[in-house]
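First comes the structure, then the notes that go with it.
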Amino acid sequence: MTEKPTFGNWKDVDVDGHVCEVFEPQKRNEHGYVGIYLHGVHLGKLFHSPAFVESLEEVGLPVVAPVTERSWWTDRICPEFDAERTSQQYLLDSVLPFIEREFAAKAPKVALFGTSMGGQGSLRFAYKFPDLFPIVAAVSPAIDYQNRMRDDDEDNLWQMYDSTEQARQDTATLHIHPLNWPRNQFFCCCPEDTSWWESSDRLRMKLASLGVPHTCDLETKGGGHGYNYYSLMAPKIVQFLWESLEKERRRVA
């Protein structure tokens, strides 16, 4: 199998016993902004997407991308990631302090984004901890992941949940607080994505019914679920992150 080309300046950093892939742009933005990228269930790498890397280079946004295997970014133990810490604990207790040490950045200078499994993880974190993650963007978020359990009784989600209903109760949509939400949120999903578009549409309807400000794109077609669509949306995602970071800076100035 031919190895995919790597784009941009990336390095692996050990953060409390787990790998974080760190992107360093040629020239960092002057305001100290940093992005956190959460990967999908297939552990796809952002450095394989020239569209994402070019967009990040354009605004000078460094990115820290923790690798947590198929953890679904939950607050439940995923044995293939860590037998003692959840991916939520790792992000909050290890990755955020690493970013503060290495980049002197914390909320609201940190923007969170992800694809697929990482897209729903990004939304989940922002809904649970809106003060820590006031800026969030999700591409093809795999929100209703309990459906994987219905389709496959050997899916690793069964190692984290006792039932599909228990998993459903832990999905991002059910973590929305009607009075406390991330000030800047964007999500998108390709209408040809037969697995995940419906759950994004349900999220849109719930946010609208609660009067929660948000932006979404559920109309742009890009071939369904995968990096072709992710890369198509990359400029829009990075533009949203940048504009939101600037909005937050002006807000606290």
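When only Cα pairs below 8 angstrom with a gap of at least 6 residues are kept, the chain shows a relative contact order of 17 percent.
Among the protein heavy atoms of the chain, carbon and sulfur supply 47% of the accessible surface, probe 1.4 Å, non-protein parts ignored.
Taking 0.36 nm per residue of separation and subtracting the Cα-Cα distance, full extension of the segment from Asp93 to His48 would add 13.4 nm. Highest average first, the peptides 70-78, 41-49 ordered by how many other beta carbon atoms sit within 10 Å of their residues are 70-78, 41-49.
In terms of packing, defined here as the mean over residues of other Cβ atoms within 10 angstrom, the peptides 108-117, 146-155, 168-177 line up highest first as 108-117, 168-177, 146-155.
Lys-Lys pairs in the chain that are eight or more residues apart or on separate chains and whose Cα atoms lie under 21 Å of each other come to 15.
Based on the Stokes-Einstein relation at 37 °C and a viscosity of 0.692 mPa s, and on the Kirkwood radius from alpha carbon pairs, region 32-147 is assigned a translational diffusion coefficient of 231 µm²/s.
Sites listed here are GluC sites (Glu not before Pro) in region 73-153 whose DSSP assignment is loop and whose Cβ has at most 12 other Cβ atoms within 10 Å: Glu80, Glu84.
Size estimate for region 108-246 follows the Kirkwood approach: the inverse of mean 1/r over distinct Cα pairs works out to 15.1 Å. Accessible area per residue for region 84-186, computed on protein heavy atoms with a 1.4 Å probe, is 38 Å². Of Gly121, Gly40, Gly17, the residue with the greatest mean-square motion in the GNM of the chain, using alpha carbon springs below 10 Å, is Gly17.
The convex hull drawn around the Cα atoms of the chain, when projected onto a plane and averaged over every direction, covers 13.3 nm². Our estimate of slack between Lys4 and Asn180, defined as 0.36 nm per intervening residue step minus the Cα-Cα distance, is 59.2 nm.
The values are calculated or read from the model by the stated rules, or taken from the named source; none is laboratory data. Quantities reported herein were computed from a predicted structural model and do not represent experimental measurements. As a convention, Cβ positions derive from the backbone with ideal geometry for all residues, glycine included, and neighbour counts pool all protein chains shown. Areas reflect the complete protein model, heavy atoms only, side chains present, ligands, DNA and RNA absent. Shrake-Rupley method; radii C 1.70, N 1.55, O 1.52, S 1.80 Å.
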